[in-house]
Amino acid sequence: MIRAIVTDIEGTTSDIRFVHNVLFPYARERLAAFVTAQQYAEPVKSILDNLRDEIANPHASISELIDTLFRFMDEDRKSTALKALQGIIWQDGYVNGDFTGHLYPDVLPALEKWKAQGIDLYVYSSGSVAAQKLLFGYSDEGDITHLFSGYFDTHVGAKREVHSYATIAAQTGVAPSQILFLSDIHQELDAAEQAGFRTLQLIRGDEDGASHHHQVHHFDEINPEQIPS
């Protein structure tokens with residue numbers, strides 16, 4: 001019996017092109033000026049100190065940190081510090097109405113149905129928890145954050161590491177075998193499966209021939225009561 005569903009965002013609930021073509025450029029354009037202006041104010045000061053720890057350079061100048069952040073963006077590095085800064089910048093965009101968080105049309109009806117069935121819903125994404133809440137709080141369908149019981153980001157670990165999912169299970173208090181993880185990336189599903197989770201792969205395009213996980217194309221194809229073990 002599935003008691004909790006944990007969902008990825010990029011490529012799963014939301015078009016990856018929204019992230020890469022809207023969110024990333026928006027943050028990139030504003031990053032240098034924002035970091036420079038806010039470097040001595042919280043929470044940016046602490047985030048930059050964490051970035052210095054991340055690159056093992058406690059005396060890195062602001063220009064060096066900005067260069068590092070741009071390099072991390074170019075590499076699509078899952079840096080917790082970068083994700084935190086991007087989330088703060090994106091908040092202005094959401095609040096100002098520059099964009100809304102993309103949701104595939106099949107997502108909200110499924111989430112509402114599962115919630116009504118008593119299943120707890122969680123999010124696990126490389127994007128910061130703050131960024132996750134913004135996307136769902138200012139989504140195409142309005143504020144749907146009330147549907148979720150919790151959010152997880154890289155503070156619990158990388159998405160391709162088994163211990164990350166063990167941590168999520170421990171924090172939710174649900175047995176891994178009763179948690180369903182939804183993602184478009186089979187390596188993430190592999191890690192979740194090794195932690196004891198049930199898995200389903202959301203494929204919005206071509207089938208993933210390298211994956212052994214059951215694949216569906218839309219959320220309305222998912223029946224938590226009939227998940228293959």
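Throughout, read-outs are computed from the coordinates displayed, never taken from laboratory work. Just so it is clear, the structure is predicted and the values come from calculations on it, not from any experiment. So basically every Cβ, Gly included, is an ideal-geometry build from the backbone, and we count neighbours across all protein chains shown.
Using only the alpha-carbon atoms of the range 163-229, report the extent along each of the three principal axes, biggest first, to the nearest angstrom.
Sorted from largest, the Cα extents of the range 163-229 read 34, 24, 17 Å.
Helix 44-54 against the longest principal axis of the chain: what's the angle in degrees, Cα atoms only, rounded to the nearest 10?
Computed tilt is about 80 degrees.
Can you find, among ILE89, GLN38, THR12, the residue sitting farthest towards the positive end of the charge dipole of the range 1-100, where Lys and Arg contribute +1 and Asp and Glu -1 at Cβ?
THR12
Ratio of alpha-carbon Rg to the 2.2 N^0.38 Å globular estimate for the chain, to two decimals, please.
Working: Rg = 18.0 Å, N = 229, 2.2 N^0.38 = 17.3 Å.
The chain yields a ratio of 1.04.
Using only Cα atoms, find the angle between the long axis of helix 107-116 and the longest principal axis of the chain, and express it within 0 to 90 degrees, rounded to the nearest 10.
Rounded to the nearest ten degrees, it is 60.
Let me know the charge dipole size of the range 2-74 about its Cα centre in debye, to the nearest 20, where only the beta-carbon of Lys, Arg (+1) and Asp, Glu (-1) is charged.
On the way: 7 positive and 11 negative charges, 32 e Å.
Dipole magnitude for the range 2-74 comes out near 160 debye.
Looking at the range 58-191, I'd like the Rg to Rh ratio, where Rg is from alpha-carbon atoms and Rh is Kirkwood's inverse mean 1/r.
On the way: Rg = 16.5 Å, Rh = 16.5 Å.
Rg/Rh for the range 58-191 comes to 1.00.
Counting only C-alpha contacts under 8 Å and six or more residues apart, can you give the relative contact order of the chain as a whole percent?
Details: 340 pairs, mean separation 57.3, N = 229.
Averaging sequence separation for qualifying contacts and normalising by length gives 25 percent for the chain.
Report D for the range 1-79 in µm² per second (integer): Stokes-Einstein, Kirkwood Rh on Cα pairs, 4 °C, 1.567 mPa s.
In µm²/s, the coefficient is 89.
Any idea how far the Cα center of the range 198-229 sits from the one of the range 80-95, in Å?
Taking the Cα centre of each part, the range 198-229 and the range 80-95 sit 31 Å apart.
Amide H neighbours of LYS78 under 5 Å, at least 5 residues apart or on other chains, H built in the peptide plane: list them.
Those lying under 5 Å, H to H, from LYS78: there are none.
Do any chymotrypsin sites (Phe, Trp or Tyr not before Pro) in the range 59-106 lie in a loop, going by DSSP, with at most 16 other beta-carbon atoms within 10 Å of their beta carbon, and if so which? List each step's numbers first, then the result.
Details: sites: PHE70, PHE72, TRP90, TYR94, PHE99; in loops: PHE99.
Qualifying residues, ordered by number: PHE99.
With each label point set 7 Å from Cα along the Cα-Cβ vector, what nm distance links TYR40 and ARG3?
It works out to 5.1 nm between the two label points.
So if I place +1 on the C-beta of Lys and Arg and -1 on the C-beta of Asp and Glu, and nothing else carries charge, what would the dipole magnitude of the chain be about its Cα centre? I want it in debye, nearest 20. Walk me through the numbers before you get to the answer.
On the way: 17 positive and 33 negative charges, 105 e Å.
Once rounded to the nearest 20, the dipole reads 500 debye.
Once fully extended, how much extra length lies between SER149 and VAL95, figured as 0.36 nm per residue of separation less the alpha-carbon to alpha-carbon distance?
Details: separation 54, 0.36 × 54 = 19.44 nm, distance 2.30 nm.
Roughly 17.1 nm would be gained on extension.
For LYS113, give me every one of the lysines with a C-alpha distance below 21 angstrom, ignoring sequence neighbours fewer than eight places off in its own chain.
LYS133
As a check on your grasp of the helix formula, calculate [θ] at 222 nm for the chain: sum -39500 (n - 2.57) over DSSP H runs of n ≥ 4, divide by the residue count, round to the nearest 500.
Working: 8 runs with 95 residues, N = 229.
So the helix-based figure for the chain works out to -13000 deg cm²/dmol.
Could you state, as a whole-number percent, how many of the C-alpha pairs of the range 116-229 are farther apart than 20 Å? Don't skip to the end; give the middle numbers.
Details: 2794 of 6441 pairs.
Above the 20 Å cut-off, the range 116-229 has 43 percent of its Cα pairs.
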